[in-house]
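Okay, structure first, notes after.
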Amino acid sequence: MSRRAPARAARALTLAFVLGPGALVATGCGRGLSPRVDDPAASVVAEPAPSVAAAQAPRAAAPAGPGYTVMDLPAIQRAVHGRGRPVLVHFWASWCGPCLEELPLVDRFARDMKARGIDVLSLSLDDAERAGAHVVEVLANRAPNLTRNVVRVADTDAFINSIDPRWEGSIPAVFAYDEKGQLRDRLIGEASRRDLDNLVSRVSGSGRK
C-alpha cells in the first residue's frame, strides 16, 4: 500500500472540515470512495480493507440487479486494456452534487465520442446493494447514454493507487487511456465540454507527440 494513502485521506477529511459542505459542492465531492463528512446518509459504506493483493484478486463482474452491473478493479482493468482504442473512465456518485450537474454534459460527450470510436466507461461509486436501483433511475433521467455500472471496492487505498497514484479519490473524475490501455491524462472535478475535448485530443493520436 502506498505510504501516501493515509496522507491523502487526512487531506480529504481536512478539506471537508476546514472548507465545509459549500466548498465541497463547489469544487467536487472530496474522497469519492468514502461517505462525505457532511453527508452521513451517503450511500457508499466502509468495507473491510484486505491486503492489496487480495483487493486485486480476479473476480468476475456480475449483475447486481435489474439494469446495472457491478465491476471490481480487475473488471475495470480488463475493460480498459486490449480494446485497441482510447477509453475514458468516468467516476461519479448519486450523492455527489457536482457529479449530478455534470451528468448531462458527460452523457452528450459519450454519445459524440462513440461515433469517433472512443469509449466512455461510466462507473458509479454508490453502494450497489443500497443504491443500485437509484443509480439506474438517475442515469435513465439524466444520462441515458452512459454505462450503468457500480463499482465494488474492497480496499479503498489500493483501488485509488491502482487507478492513478496521483488521484486523491475526489469526484467527479475522468481518466483517459490510450489504445494500448496506458493512462495518459485525467480531469479531476467538474469539467466543461472543452476540457473533455482537450482530454480526448491528448489521448488520441492527434494529441500525442
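Around Val70, which amide H atoms from residues at least 5 apart in sequence, or from another chain, sit under 5 Å from its own amide H, with H modelled in the peptide plane?
Ala62, Ala64, Val150
Counting only Cα, what are the radius of gyration and maximum Cα-Cα distance Dmax of the stretch 62-112, in Å?
That works out to 13.1, 34 Å for Rg and Dmax.
Within the P(r) computed for the stretch 62-179, what percentage of the Cα pairs occupies the region above 19 Å?
Numbers: 3004 of 6903 pairs.
Result: 44 percent of Cα pairs exceed 19 Å.
Bear in mind these aren't lab numbers, they're just calculated from the coordinates by the rules spelled out. Here the structure is a predicted model, which means the values were calculated and not measured.
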